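A.B. asks: Sharing a structure with you now.
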Amino acid sequence: MSASASSAEVRPSFWQRRVVAPLCAQLTQGITPDRLALTIAIGTACSVLPFFGFTTLLNLAVGLWLRLNQPVLQGVNYLLSAVQFALILVYVRAGEWIWRAPHVPLSVTQLIADFRADPSRFLRRFGWTGVHAGTAWLLSVPVIVATIYWAARPAIYRLAAMRASA
């Protein structure tokens, strides 16, 4: 093979290989575009739960309950792990505003140290902070699901049409 022929070959991007191709594969295996959009939307909402270590189980449970595609749910969960981390403080502050609670100073290093030192004391001290964050998350779930569903649906329909014509 010549150098010009190899340079003409375009290697699919990470996004193409790890996101678009698996979604296309799901569309060829019988999942409808609407169901795929719903799975992505619900997976997004479950994946931004403001508690570390629970999103995988939440996606699993909700997926089993609603009979959603588990590989898509867990893929969304994996892709959104950084977003989950970024939204924790947003959910805490929104929950404090909803509950009209005073701001609790939060430091990741201090939280980890407090938890390791005495988990029961940690829960007593920060339990209400978790309730505040959980409340804000619960109130955001319908908005997240609706927004992601209606935003993803046209793109997935286009993807399905491209896949059908290929």
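A.B. asks: Ranked from the most accessible area to the least, with a 1.4 Å probe and all protein chains present, what is the order of Thr147, Thr55?
C.D. replies: On the way: Thr147 80, Thr55 15 Å².
Listed by decreasing accessible area, they come as Thr147, Thr55.
A.B. asks: Heavy atoms only, probe 1.4 angstrom, no DNA, RNA or ligands counted: give me Arg121, Arg100 ranked by accessible area, highest first. It would help to have the intermediate numbers written out before the result.
C.D. replies: Details: Arg121 125, Arg100 190 Å².
Largest accessible area first, the list is Arg100, Arg121.
A.B. asks: If one computes the Cα centroid of segment 69-98 and of segment 142-162, what distance in Å separates the two points?
C.D. replies: Using only Cα atoms, the two centres lie 19 Å from each other.
A.B. asks: Can you send over the solvent-accessible area of Phe14, 1.4 Å probe, protein chains only, in Å² to the nearest 10?
C.D. replies: Here the accessible area works out near 120 Å².
A.B. asks: Over the chain, with a Gaussian network built from C-alpha contacts below 10 Å, which listed residue (Val20, Val108, Val48) shows the highest mean-square fluctuation?
C.D. replies: So, out of Val20, Val108, Val48, the one fluctuating most is Val108.
A.B. asks: Excluding ligands and nucleic acids, what accessible area in Å² is computed for Ile98 using a 1.4 Å probe, to the nearest 10?
C.D. replies: For Ile98, the solvent-accessible surface is approximately 70 Å².
A.B. asks: Express the carbon and sulfur contribution to the solvent-accessible surface of segment 111-166 as a percent, rounded to the nearest whole number, probe 1.4 angstrom.
C.D. replies: Values: 2610 of 3790 Å².
Exposed carbon and sulfur together represent 69 percent of the surface.
A.B. asks: Here is a follow-up. Springs between alpha-carbon pairs under 10 angstrom, Gaussian network model over the chain: which of Gln84, Gln110, Gln74 fluctuates most?
C.D. replies: Gln110
A.B. asks: Assuming a ≥ b ≥ c are the square roots of the Cα gyration tensor eigenvalues, decide whether the chain counts as rounded (a/c under 1.5), prolate (otherwise, with a/b larger than b/c) or oblate.
C.D. replies: In terms of gyration-tensor shape, prolate.
A.B. asks: Pick from Leu66, Leu57, Leu36: which residue has the top mean-square fluctuation in a GNM of the chain where Cα pairs under 10 Å get a spring?
C.D. replies: Most flexible of the set in this elastic network: Leu66.
A.B. asks: Using a 1.4 angstrom probe, figure out how much accessible area segment 32-166 has per residue, in square angstrom, rounded to the nearest whole.
C.D. replies: Working: 8280 Å² over 135 residues.
Using a 1.4 Å probe on heavy atoms only, each residue of segment 32-166 averages 61 Å².
The values are calculated or read from the model by the stated rules, or taken from the named source; none is laboratory data. Remember, it's a predicted structure, so these values are computed and weren't measured experimentally. Remember, those area values only see protein heavy atoms, side chains included, never the ligands or the DNA or RNA. Shrake-Rupley method; radii C 1.70, N 1.55, O 1.52, S 1.80 Å.
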